[in-house]
Amino acid sequence: MATGDIDNDGRVDAVVTTNEGPIYILRNETPTQNHWLTLKLVGHKSNRDAIGAEVKLVTAKGTQFATVTTSSSYLSSSDKRVHFGLGPESVAQSVEIRWPSGIVQTLKDVRGDQILKVDEAVAPSAEKGTPQ
Ligand SMILES: [Ca+2]
């Protein structure tokens, strides 16, 4: 089984294979008013896929953590983008990224309901992300 947002709508989908059987694509079509944020991290000093980067996201409702990885299940590779559910909050107060290189990058007041590409800040001017 692999998970990821196949249709980029903010709801995580899944793909399941079976031995000598069909592949199942489980599209998440759950109706919801909740907000979300997906981060696509691009390393420059760190590895390009940002594998191992640790992300701390803070909203008014609390703090969440995630680590960039593709591993999750047997013989599969999942979406390397980091997905956060924001619940009723439409903005993340802060997003702190600890890159494998040791660089720590913090974004403030990040709007939800978007896929945000974040380049590793190897120069002080590269702090902001780019909506996808
Ligand atoms: Ca989806």
- request: Using Cα positions and a limit of under 13 Å, work out the aspartates and glutamates in reach of K40, with same-chain residues fewer than 8 apart set aside.
  value: D5, D49, E54, D79, D119, E120
- prompt: What are the ³J(HN,Hα) values, in whole Hz, obtained from phi via the Karplus relation 6.51 cos²θ - 1.76 cosθ + 1.60 with θ = phi - 60°, for each residue of the stretch 107-120 in sequence order, with x given for Gly and Pro?
  reply: 10, 10, 6, 8, 5, x, 6, 8, 9, 10, 7, 10, 8, 4
Probe 1.4 Å, protein heavy atoms only - accessible area per residue of the chain in square angstrom: 59 Å²
- prompt: Can you pull the percent of the chain's accessible area that's carbon plus sulfur, 1.4 Å probe, other chains left in place?
  reply: 51 percent
task: Taking 7 Å along the Cα-to-C-beta vector as the label spot, tell me the D109-V16 distance in nanometres, rounded to one decimal.
output: 4.4 nm
query: Among 108-119, 37-48, what's the highest-first ranking by average C-beta atoms within 10 angstrom per residue?
result: 37-48, 108-119
- prompt: What does the charge add up to near V55, with Lys and Arg as +1, Asp and Glu as -1, over the other residues with Cβ less than 13 Å from its Cβ?
  reply: +2
- prompt: What pairs in K61/K117; K61/K108; K56/K108 have C-alpha atoms more than 19 Å from each other?
  reply: K61/K117
statement: Given 63-69, 10-16, the highest-first ranking by average Cβ count within 10 Å works out to 10-16, 63-69
query: For the chain, what size does the Cα cloud have along each of its three principal axes, sorted from largest down, in whole Å?
result: 52, 34, 24
Nitroxide proxy distance, nm - points 7 Å out along Cα→Cβ at R98 and I23: 3.6 nm
- prompt: Can you list the residues, at least 5 places off or on another chain, whose amide H is less than 5 Å from the amide H of G87, using H built in the peptide plane?
  reply: H35
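The values are calculated or read from the model by the stated rules, or taken from the named source; none is laboratory data. Given the structure is predicted, the values throughout are model-derived calculations rather than measurements. FYI the Cβ positions are ideal-geometry reconstructions off the backbone, even for glycines, and counts take in every protein chain you see. Side chains are part of the model used for accessible areas, which takes the heavy atoms of the whole protein and leaves out ligands, DNA and RNA. Shrake-Rupley method; radii C 1.70, N 1.55, O 1.52, S 1.80 Å.
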